[in-house]
Amino acid sequence: MIDHDLLRRRAQELLPDDVFGYFDAGSGAEVTLAREARAWDDVLLQPRVLRDVTAATAATTVLGHPVSSPVLVAPMAAQRLAHPSGEVAVALAARDAGSLMVISMRSSTRVDDVGQVAPFWQQLYVLKDRGVTDEVAERATAAGALALVVTVDTPVVAAKRVGLPRTLPPLGVVQALDDRDVTDERLQQARDVGPRDLERLAETTGLPVVAKGVLSAAAARDCVAAGASAVIVSTHGGRQLDGVVPTPLALPAVVDAVGGEVEVYVDGGVRSGSHVLKALALGARAVLVGRPVLWALATGGSDGVRVLLEDLTAEALEALMLSGCRSCADVGPDLVRGRRP
Ligand SMILES: Cc1cc2nc3c(=O)[nH]c(=O)nc-3n(C[C@H](O)[C@H](O)[C@H](O)COP(=O)(O)O)c2cc1C
């Protein structure tokens, strides 16, 4: 088992207090953050027996892209604050672990530098300035992005733990935005993000759009009606509206609503192979992992992130076998107590 507490403590020792705090924090009273940490443990498994798992594999596909693991890297801003090699180190690690990185629009590295080394998905916030938003989407497309992940839970950035800024100005500038001053009002998140934004981004880039930050059947349906090819059930790591439902509790309703049409992914507090198996059993195609990647990056650079992803994948494979499953596709709702097939 990965010792996440130890990894986090080591990162805390190495990082400046404000950077560690920015990475670690949730929003408001951190109710969601605290509950999400426990919610996956509260889901209980019931394994199958008498199955041949000799040839079991954790490999799967996400939007048709083959990955060796259902564990992907969540978009997180300003990774050069954790390590000088930042996003490039994470992209290389994800590539070598057979995973996939989602690069943040608030990245501290230009997307071209990531595109040169690894396959990736580009996360976008729709900004007040739609022109800049589209420019980032186009640049990501040119750099080889396989999909756009549009974050739909952030019409405004929520206040973080007392004493911390809502957003840490990432090294003064955000490279993804071409050294523009990100404190400029026009580069803040738009408060009027609507279906038309998802439609426009899909149309102009020709890429599949993944809507990140849905927590209900209705929200998922709205995103799919606007053309989303997939959705991510996410509380933004407990960093947006505090008090929202932890993702393992939100996931089944979203899967029931749109799982027949689009792929559903989930993030938030996923820390072990057992958690990954639970996510798949509740209907997710893959999971995304956030903060542990930052802790591994801060403490071990690219190698640290690769080892983390490989360890999580090895744990997920072991959990698959222990539950009598040969593949991610083989996992079903029967594995989760109380969840009817
Ligand atoms: C420091 C930090 C920065 C983040 N930046 C972004 C971002 O730029 N865009 C986004 O959609 N989500 C962002 N997130 C949310 C993550 O993508 C993800 O939803 C969340 O961290 C998953 O939860 P976990 O950290 O418990 O694994 C950020 C999270 C953290 C911790």
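Summary table below
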| item | result |
| --- | --- |
| Residue among S108, S234, S216 with the largest mean-square fluctuation in a Gaussian network model of the chain, springs linking Cα atoms under 10 Å | S216 |
| Beta bridges by DSSP in the chain, antiparallel share as percent, to the nearest 5 | 20 percent |
| Solvent-accessible area per residue for the chain (1.4 angstrom probe, square angstrom) | 40 Å² |
| Bridge type composition, the range 50-178 - antiparallel percent by DSSP, nearest 5 | 30 percent |
| Over the range 225-281, relative contact order from alpha-carbon pairs under 8 Å, at least 6 apart, % | 44 percent |
| Net +/- balance of residues flanking G163 in space, Cβ distance below 15 Å, scoring K and R +1, D and E -1 | -1 |
| Amide H within-cut-off set for V244, under 5 Å, with H built and near neighbours excluded | T32 |
| Helix-derived mean residue ellipticity, 222 nm - over the chain, DSSP H n ≥ 4, -39500 (n - 2.57), to 500 | -12000 deg cm²/dmol |
| Rg ratio (alpha-carbon, reference 2.2 N^0.38 Å) - the range 17-167 | 1.23 |
| Relative contact order (%) - the chain, alpha-carbon pairs under 8 angstrom, separation at least six | 27 percent |
| Residues whose placed amide H lies under 5 Å from that of V62, excluding near-sequence neighbours | V67 |
| Distant-in-sequence amide H partners of E263 (H built 1.01 Å from N, under 5 Å) | V231 |
| For the range 291-307, Karplus couplings with θ = phi - 60° (6.51, -1.76, 1.60), whole Hz, Gly/Pro x | 3, x, 5, 5, 5, 5, 5, 5, 8, x, x, 4, 4, x, 5, 4, 4 |
| Relative contact order for the range 270-341, counting Cα pairs under 8 Å that sit 6 or more residues apart, in percent | 42 percent |
| Protein accessible area in the range 25-119, 1.4 Å probe - carbon and sulfur % | 54 percent |
| Rg(Cα)/(2.2 N^0.38 Å) for the chain, N = residue count | 0.92 |
| The range 270-279 - phi-based ³J(HN,Hα) in whole Hz, Karplus 6.51/-1.76/1.60, Gly and Pro as x | 7, 10, 8, x, 5, 4, 4, 4, 4, 4 |
| Cα long-axis angle, helix 195-205 against the chain (0 to 90 degrees, to the nearest 10) | 90 degrees |
| Per principal axis, descending, Cα span of the range 276-317 in whole Å | 33, 18, 11 |
| Sulfur and carbon atoms: percent of accessible area, the range 194-277 [1.4 Å] | 56 percent |
| From phi via Karplus (6.51, -1.76, 1.60), per-residue ³J(HN,Hα) for the range 154-162 in Hz, x at Gly/Pro | 10, x, 8, 7, 6, 5, 9, 3, 3 |
| Local net charge near E87, Cβ-Cβ under 11 Å (Lys/Arg +1, Asp/Glu -1) | +2 |
| Choice from R191, R35, R95 with maximal GNM fluctuation in the chain (Cα, 10 Å cutoff) | R191 |
| Highest-MSF residue in the chain out of L215, L50, L100 [GNM, Cα springs under 10 Å] | L50 |
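The values are calculated or read from the model by the stated rules, or taken from the named source; none is laboratory data. For clarity, every value in this text was computed on a predicted model and none was experimentally measured. Cβ atoms come from the backbone with ideal geometry, glycine included; neighbour counts cover every protein chain shown. Protein only, heavy atoms only, side chains kept; ligands, DNA and RNA dropped before computing areas. Shrake-Rupley method; radii C 1.70, N 1.55, O 1.52, S 1.80 Å.
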